[in-house]
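The values are calculated or read from the model by the stated rules, or taken from the named source; none is laboratory data. Just so it is clear, the structure is predicted and the values come from calculations on it, not from any experiment. Every residue, glycine among them, receives a Cβ derived from its backbone with ideal geometry; neighbour counts consider all protein chains shown.
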Amino acid sequence: MIVEKLEENYVRLMNNDFSEVIETANKLLSENNITFASDSTPFKKLCRELLIAEQKVLKTELKKWGGDYSDQLISSHADSEPDEAITELLSKVIEAHIKEHKNIWEPRGVTQAQSSLKKFLEFTGDKPIGIIEKEHTRSYKNYLSNQPNGRGGILSTASINKHLSYVVTLFNWGKDQGFCSKDPALA
């Protein structure tokens, strides 16, 4: 039962389906005299965090069922460990980002963003967006500085900065949407 619930919640997180936690979110907001529209970004972030918290509780329960109580031990490194919350794969976040901006950006801008973010995805691999760190973006910048420009030279500083600006924009949007907690390009 726990494994099934973990899988269901994982799918819900990947699809931004917050139907299971909307009632809980509304109750929390009501008890604290806070109002958000159900289609607002803060409300969606709250729902996402509720699902992530439920995932953590379920994972802990699953460990206990297996006899593993190690998470109850006090660790001096607890505050320094990264948050291992489930986050979307980079490819899914890029897809959602492009989809949301497709009607806002000029067609040429959409094509450029898709191309640039595809290059970033190919470089980092399709990993959860939440585990991408500053080292990844720094390595990506170094990688770009050695890439051909199609005219016999290497990419110019302006071209590299353009590629990086698409990455920064993606992470800023992802942070606003609750997909990640930081922008590793700026961290």
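Modelled with pLDDT under 90 and either among the β-branched types (V, I, T) or in the same structural domain as S145 (by TED's automatic domain parsing) (or both), is that true of I98?
no
From the list L29, L117, which residue is within 29 Å of S165 (Cα to Cα), at pLDDT 90 or above and out of contact with any strand residue (DSSP E or B) (no Cβ under 8 Å at 6 or more places or on another chain)?
Every option except L117 fails the conditions.
If a residue must be in contact with a helix residue (DSSP H, G or I) (Cβ under 7 Å, 6 or more places away or on another chain), in contact (Cβ under 8 Å) with a residue 12 or more places away in the chain and of a type in the set (A, V, I, L, M, F, W, C), how many such residues does region 153-187 contain?
Number satisfying all stated conditions: 10.
Given region 83-187, what helices (runs of 4 or more DSSP H) lie entirely inside it while holding 1 or more residues that are surrounded by fewer than 13 Cβ atoms within 10 Å (Cβ to Cβ), over 12 Å from the mean Cα position of the chain (by Cα) and polar (S, T, N, Q)?
Counting at least 1 such residues, we get 107-124, 134-144, 157-176.
Can you tell me which residues in region 165-185 are of a type in the set (A, V, I, L, M, F, W, C) and either under 15 Å from T124 (Cα atoms) or at pLDDT below 80 (or both)?
Passing the criteria: V167, V168, L170, F171, A185.
Which count do you get for residues in region 11-24 that are exposed (fewer than 14 other Cβ atoms within 10 Å of the Cβ) and within 18 Å of the chain's Cα centre (by Cα)?
The number of residues fulfilling the criteria is 3.
Could you look through region 43-65, keep only residues that are over 20 Å from T87 (Cα atoms) and basic (K, R), and pick out the one that is surrounded by the most Cβ atoms within 10 Å (Cβ to Cβ)?
Applying the filter and picking the extreme gives K63.
Tell me whether region 25-42 contains one or more residues that are part of a loop (DSSP other than H, G, I, E, B), crowded, with 17+ Cβ neighbours inside 10 Å and not aromatic (F, W, Y).
No, every residue in region 25-42 fails to be part of a loop (DSSP other than H, G, I, E, B), crowded, with 17+ Cβ neighbours inside 10 Å and not aromatic (F, W, Y).
Does I2 fit the bill of being modelled with pLDDT of 90 or more, more than 20 Å from the chain's Cα centre (by Cα) and surrounded by 12 or more Cβ atoms within 10 Å (Cβ to Cβ)?
Judged against the criteria, I2 is not a match.
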